[in-house]
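Report on the following structure.
The values are calculated or read from the model by the stated rules, or taken from the named source; none is laboratory data. Nothing here was measured: the structure is a model prediction, and the numbers come from that model. Every residue, glycine among them, receives a Cβ derived from its backbone with ideal geometry; neighbour counts consider all protein chains shown.
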Ligand code: WT7
């Protein structure tokens, strides 16, 4: 998977320097000046004293109820930051702005049909408090969990913030996931309440989310109430007594609700993400360290200033939205955009129309979206005045230099630096990314951010020489580092800390070039990145084998010009079932039903056998080589080497 990128990236040596104006006026530059730091190099070096660095910046980005006694308590593999502090992220995200800049717009919301709503910090704070009071009235207490299954409408950040305000951990489930995926996540975290909506708009049609939510809740035991936001005029099914109408519920509540004073390391949220096994893992984030880390990175990397209009065009069902649509922009008192629908609806210029109308100045999206717009043609972009843009960003997967250059020229008009931010659900915040003072090379995420210590290791745990690929690792803890996996300490230890003692394994392959630029090439493990969304091979395989006709399945990724990777599935059928077109269709739909449409295999083949090791493990690596047409290498150690040739007899 990673190989095709290497040769392309090796040729990329163009350097894009920031303008003097951008660099000099940048937030990071001002911070350096006020701390006697004279260069980027010195900043990176000095910030390696992580306790000094994070302790110092914390004073500028958060307001404690009572200050920490200790910056870091590091007991491998767990880090506790700002120990002893009393804090709640909602104080910084909402309370302080509601009193100091009440009339500033927090979000401009635009629905897919074109409906709009602007909400100020004061209005947002009032509505969050109303919902928080309602949740308390329903009996929720600090430490409880609430699941949220909502599309990109204002009630999504409102619901997250309402939970956080009263010390309840939220678990947001992406609205594109299936009812089964929802049920799994509710069951894992034991949520008492689910917040969802009737339906939402996607490509001119409504998606019946409540129907899916009901189907999911039927397979759980802990949900006491379902709070339903009305987004459309659909007649959603209703369970008397259990279901509560959001609007009615909050109508009588007070817009004042005291924010719960939490311990710095109390749980803020659980966000499920795919690993290498079939079951998604619940990544934990805590209030204080997360807040400091996301606010600093957004301020320094995207350089947000008072007049900026920020649009992180992602979904808050993923970590990008948690950190950089909801919490960090609000902490910085920014005005952001939330758009409900498809990027190319009703026409291929919807996004650029939004950029023009709301005068977006800093814009953040994924390489998949950029490649899609590239393919749609520049005429859609040219119809709009994008001159308000001053910085651009990319996230979720490696960006190929060609897409980078297209983005730079056509969206950024040649004047905007592109911030390629490398991070993960587990890092919580950008870890490797440029700053406005950095030179850029298209396709590189540049350098680890201040306070971050990264390296590329070979198999034996030694740093790989310049230019050579290896495992990307993080050497020291950082404030938004995951607080573990929900109720699964063994998996936490095995996944991140077992390969190299004391060092965090990211699961990515990367290399560092002669000038210290990082080039992230893709996953090292069996995790797929489909349009920047993380799915695990085995999650898809377990869905396939749960179908009555399937005996064995292997799923691999194949390079795709827009989505980065596409999904290719190989299926061995049980005795009595035979390959057919209807069955192929049924199996693809089966996966969509189990996990969600994003997980549906692009190609699905029937085979007689799958290559396996002597211990019976399916050799995805060999299958992947076959799929991309590369030599499979030595297969003599396989239990069934003949199965490799069998792959050619696929139907
Ligand atoms: C994985 C994390 C981070 C928010 C969205 C995805 C890949 C992410 C980049 C980038 C190359 C990237 C990595 C990483 N990735 N950003 N700028 N360049 N690869 O979050 O679902 O937790 O996925 O996404 O493979 O490990 P996620």
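In table form, for the structure just shown:
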{"read-out": "Any chance residue 458 is closer than 29 Å to residue 29 by Cβ and touching a strand residue (DSSP E or B) at 6+ places or on another chain (Cβ under 9 Å)", "value": "no"}
{"read-out": "Counted residues, region 265-279 - those being out of contact with any helix residue (DSSP H, G or I) (no Cβ under 7 Å at 6 or more places or on another chain) and over 20 Å from residue 80 (Cα atoms)", "value": "2"}
{"read-out": "Residue count for region 161-199, restricted to those that are without any contact (Cβ under 8 Å) to a residue 40 or more places away in the chain, crowded, with 23+ Cβ neighbours inside 10 Å and within 22 Å of residue 533 (Cα to Cα)", "value": "2"}
{"read-out": "Residues of region 200-237 satisfying the condition of being loosely packed, with under 15 Cβ neighbours inside 10 Å and more than 26 Å from the chain's Cα centre (by Cα)", "value": "218, 219, 221, 224, 233, 235, 237"}
{"read-out": "Single residue of 614, 584, 621 found to be without any contact (Cβ under 8 Å) to a residue 12 or more places away in the chain, out of contact with any helix residue (DSSP H, G or I) (no Cβ under 8 Å at 6 or more places or on another chain) and not assigned by TED's automatic domain parsing to the domain that holds residue 370", "value": "621"}
{"read-out": "Filtered residue count, region 162-181, keeping only those that are over 30 Å from residue 98 (Cβ atoms) and out of contact with any helix residue (DSSP H, G or I) (no Cβ under 7 Å at 6 or more places or on another chain)", "value": "2"}
{"read-out": "Any strands (runs of 3 or more DSSP E) falling wholly within region 20-120 and containing at least 2 residues that are surrounded by fewer than 19 Cβ atoms within 10 Å (Cβ to Cβ)", "value": "70-75, 78-83, 116-120"}
{"read-out": "Within region 392-431, considering residues that are out of contact with any strand residue (DSSP E or B) (no Cβ under 8 Å at 6 or more places or on another chain) and over 16 Å from residue 18 (Cα atoms), the one surrounded by the fewest Cβ atoms within 10 Å (Cβ to Cβ)", "value": "402"}
{"read-out": "Tally, over region 597-609, of residues that are closer than 19 Å to residue 277 by Cα and touching a helix residue (DSSP H, G or I) at 6+ places or on another chain (Cβ under 6 Å)", "value": "3"}
{"read-out": "Among the residues listed as 434, 450, the single one being within 12 Å of the ligand (Cβ to nearest atom), buried (at least 22 other Cβ atoms within 10 Å of the Cβ), in the same structural domain as residue 288 (by TED's automatic domain parsing) and more than 21 Å from residue 351 (Cα to Cα)", "value": "434"}
{"read-out": "Those residues of region 609-634 which are over 18 Å from residue 552 (Cβ atoms) and assigned to a loop (DSSP other than H, G, I, E, B), in sequence order", "value": "629, 630, 631, 632, 633, 634"}
{"read-out": "Residue check for residue 524: within 13 Å of the ligand (Cβ to nearest atom), under 30 Å from residue 605 (Cβ atoms) and more than 18 Å from the chain's Cα centre (by Cα)", "value": "yes"}
{"read-out": "Residue match in region 373-391 (condition: at pLDDT 95 or above, within 30 Å of residue 496 (Cβ to Cβ) and crowded, with 24+ Cβ neighbours inside 10 Å)", "value": "no"}
{"read-out": "Any hit, region 340-363, residues being within 16 Å of the ligand (Cβ to nearest atom) and within 18 Å of the chain's Cα centre (by Cα)", "value": "yes"}
{"read-out": "Top-ranked residue in region 479-512 [being touching a helix residue (DSSP H, G or I) at 6+ places or on another chain (Cβ under 8 Å) and more than 14 Å from the ligand (Cβ to nearest atom); ranked as nearest to residue 324 (Cα to Cα)]", "value": "479"}
